[in-house]
Amino acid sequence: MTEGPAYIMNRILFVNGVVLLPTGFRKMDAAVCGARISALSPGIEPGGGDRIIDLQGDFLVPGFIDMHLHGGGGADFMDGTPEAFLTACRTHACHGTTTLYPTTLTASEGDMDAFFVSLELALRQNGGDGGGARIGGVHVEGPWLAPEQAGAQDPRYLRTPSVEQFERLLEKTGRIAVVTLAPELSGACECASWLAERGILPAMGHSAATLEQVRTAVDSGFRHMIHFYSAMSTVRREKGRRIPGMVEAGYLFDRVTVEAIADGHHLPPELLLLIHKIKGPGRMALVTDAMRGAGMPEGRSVLGSLRNGREVVVEGGVACLPDGSGFAGSVCTMDRAVRTAVAAGIPIEDALRMASETPSKILGTSHRRGSVIPGMDADLVRLDSSLNVRMTLVGGEIVFGG
C-alpha cells in the first residue's frame, strides 16, 4: 500500500513480527496511523516521524472482543459508579481485550438505572475507556430468565418479558447490543422478533427449553446462546423417551452461534474441543463472563453491586457460591481463555479468531473490528510465544505495555 506524506508522519510501525491475517499467520510489518491500520506488507519503509516497535518474532493479532463480562479489577458494572466501568476496562485491556460489552445482572430497577447512568458518565470520560478497553455496547442478561436455570442470578427480580418492558428500557439507553432471555418464557419469542428488528441481538440463556422450543425461538429471531452448557437444559428422559434440550439445539441449528467460558473450570477440554469440532471457529466465540474478582487476589468477593450483590468465594481460579453448589461467573481474562482453548487442542489461529473475529461478526461490527486489515480500527495485541500479552492498542493508542 502506498501512503502519502501526510500519512507517514506519526505512525506506529511494527516490524519483525508474525501477523494474524484473515488468511493465516504471515511474517510482515504493520503500520498504524491515527486510529486505523494503514499498511500491511513485508519491509515497510520507515518514515522520519515513525515510532518503530520491533516485535522480535512476537505475534501481532486482532484485539480481543469480550461480549459477556460483569467486571474486573475489583469492580462490577452493577456498582453504579463510572469508575467501576473504567476500572474494569483498564483491567481487561492488560489482558488483550480492546472492546468489551458490560453485562448486567438480574437486579432491582434502581440498580439497573444506576448502571445506565454510570455507563453514560464513564463514556464521557476519556472516550469511555480511561486508558483501557473501549465499551462497544451493553449486554442485558436478565431478568427474563427461567427460575430453574437462574444459577447465581438473584431470583427475587426474575420477570416474564414483554415488548412494553423493552420499549421502556430503550427509552433509557440506545446502547443495548445483546439481550439474553429464556426462550420458553411467555412473550420471549415476540420480544426477540421486536429486538432483532431494531438491530439488537436476542440471545438464549438461563433456560430450560426443549429443542422444539428452541426451534420456534430461532424462527422468531434468536441467533445466539450465552455461556454454552452453563445454566441450560440438556437431554432428559421422560418415561423412556429422550427429550433434547438447549445444548442439543445449539449443536443442531446452524443459524445459532454459541459462546464458551474457556476458564478451564466451566467446561472441560473435551467439551471445548467438541464445541469447536461441531460449531467451528466461525460460530463459537470465547467469552470470560468475568466478575469483579478477575485480576484480583483470591478470597471472598461479591457478584453484582456491592450494595445488593451476592457473596461468592474465589478459589482455585474460579468464583463459586459460598456453599459450593455452583459457579458464580468467572475470574477469567481473554488471554487466559485463548490459552485454555489452545491447551485443549484447538489450533492457535482458531482460538485467536474466536476471541476477535467471531464475536465481532456475531455483534455486527466486523466491518471495523476483529481483523488485521488496512482501514480497520487499530485494535491490536502483541503476544509472545506463550500467548502472554505484551502490548495492547485501542484505536491506535497503546493502553498497555510499551
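Filter region 376-400 for residues that are part of a loop (DSSP other than H, G, I, E, B) and open to solvent by 50 Å² or more (accessible area, probe 1.4 Å) and give the result.
At the first step, the residues of region 376-400 found to be part of a loop (DSSP other than H, G, I, E, B) are 376, 378-379, 384-388, 395-396.
Passing the criteria: Ser385, Ser386, Asn388.
Say we look at region 149-181 and pick out the residues that are touching a Pro at 6+ places or on another chain (Cβ under 9 Å) and of a type in the set (A, V, I, L, M, F, W, C); which of these is surrounded by the fewest Cβ atoms within 10 Å (Cβ to Cβ)?
Among those residues, the one meeting the criterion is Leu158.
Pick from region 201-217 the residues that are in contact with a helix residue (DSSP H, G or I) (Cβ under 8 Å, 6 or more places away or on another chain) and part of a helix (DSSP H, G or I): which of them is surrounded by the most Cβ atoms within 10 Å (Cβ to Cβ)?
Within region 201-217, the match that is surrounded by the most Cβ atoms within 10 Å (Cβ to Cβ) is Val214.
Within region 19-29, can one find any residue that is more than 30 Å from Val140 (Cβ to Cβ), more than 24 Å from the chain's Cα centre (by Cα), open to solvent by less than 10 Å² (accessible area, probe 1.4 Å) and at pLDDT 95 or above? It would help to see each step written out before you state the result.
Step one: of region 19-29, the residues more than 30 Å from Val140 (Cβ to Cβ) are 19-29.
Subset that is more than 24 Å from the chain's Cα centre (by Cα): 26-29.
Next, from what is left, pick out any that are open to solvent by less than 10 Å² (accessible area, probe 1.4 Å): none.
No, region 19-29 has no match at all.
Taking region 94-119 as the search range and keeping residues that are charged (D, E, K, R) and more than 19 Å from Gly72 (Cα to Cα), which one is most open to solvent (accessible area, probe 1.4 Å)? Please lay out each step first, then the result.
Taking region 94-119 first, the residues charged (D, E, K, R) are 109, 111, 113.
Checking which are more than 19 Å from Gly72 (Cα to Cα) leaves us with 109, 113.
Numbers: Glu109: 124, Asp113: 58 Å².
Among those residues, the one meeting the criterion is Glu109.
Yes/no matrix, rows are residues, columns are (1) part of a helix (DSSP H, G or I); (2) under 18 Å from Ile278 (Cα atoms); (3) not β-branched (Val, Ile, Thr):
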| residue | (1), (2), (3) |
| --- | --- |
| Ser305 | no, no, yes |
| Asn308 | no, no, yes |
| Glu311 | no, no, yes |
| Ala319 | no, no, yes |
| Asp335 | yes, no, yes |
| Thr340 | yes, no, no |
| Gly345 | no, yes, yes |
| Asp350 | yes, yes, yes |
| Thr358 | yes, yes, no |
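For region 245-271, how many residues meet the condition of being open to solvent by 50 Å² or more (accessible area, probe 1.4 Å), part of a loop (DSSP other than H, G, I, E, B) and closer than 23 Å to Thr216 by Cα?
2
Show the residue pairs meeting these rules: Cβ distance below 6 Å; 6+ apart or different chains; first residue within region 186-200 and farther than 17 Å from Gly364 by Cα and open to solvent by 40 Å² or more (accessible area, probe 1.4 Å); second residue part of a loop (DSSP other than H, G, I, E, B) and among the polar types (S, T, N, Q).
Ser186/Thr160
The values are calculated or read from the model by the stated rules, or taken from the named source; none is laboratory data. Just so it is clear, the model here is predicted, and its values are computed rather than measured. Using ideal geometry, Cβ is built from the backbone for each residue, glycine included, and neighbour counts are taken over all protein chains shown. SASA here: full protein model, heavy atoms, side chains in, ligands and nucleic acids out. Shrake-Rupley method; radii C 1.70, N 1.55, O 1.52, S 1.80 Å.
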